[in-house]
Structures are given as structure tokens and as C-alpha cells.
Amino acid sequence: MMSKVYAKVLRERAREVTTVDVSSKEFYGEGYDDSDKRIPDMTIINKQLSWNPKTSLWDLLESTLTY
């Protein structure tokens, strides 16, 4: 998503980059605990605070990169 927003803001084609798969243990070292699958869920914050974001993630990234 970030590369698409970047390409839109700068009116450039998103560049293809090579990614390397590295385990969290290898990258962060011993003792780091991370979930392999994180699924963002706004349900709890919506219920407890009656709060919803006013700005979409796309719009937020776009305005940040434009700044």
C-alpha cells in the first residue's frame, strides 16, 4: 500500500523491490516475541470509547508523504 501511495503522490511508478524473508528471531535477536499473523481489529476501541477514525489509512499516508 505504501508504495502505491508514494507513487501517486510523486506521480511515479512504484518501484519493484526485492524482499528477503528473515525470521523475527534472526532479525531482532533472542527474546523477541512476535505473532506471525496480526489482524488489526478496531472492535474493542469502538465499543469502549465509541471512537472511529476520521481519516482512512490511505488518506493519512497520502497526506504524510505530501507534507
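The values are calculated or read from the model by the stated rules, or taken from the named source; none is laboratory data. No experiment lies behind these values; they were computed from the predicted model shown. Using ideal geometry, Cβ is built from the backbone for each residue, glycine included, and neighbour counts are taken over all protein chains shown.
Could you look through region 20-61, keep only residues that are β-branched (Val, Ile, Thr) and loosely packed, with under 10 Cβ neighbours inside 10 Å, and pick out the one that is modelled with the lowest pLDDT? Filtering region 20-61 for residues that are β-branched (Val, Ile, Thr) and loosely packed, with under 10 Cβ neighbours inside 10 Å, the one modelled with the lowest pLDDT comes out as Ile39.
Filter region 35-65 down to residues that are assigned to a helix (DSSP H, G or I) and either small (Gly, Ala, Ser) or in contact (Cβ under 8 Å) with a residue 24 or more places away in the chain (or both) and give me whichever is farthest from Val9 (Cα to Cα). Here the residue is Leu57.
Just one of (1) modelled with pLDDT of 80 or more; (2) in a helix (DSSP H, G or I) fails for Tyr6. It is (1).
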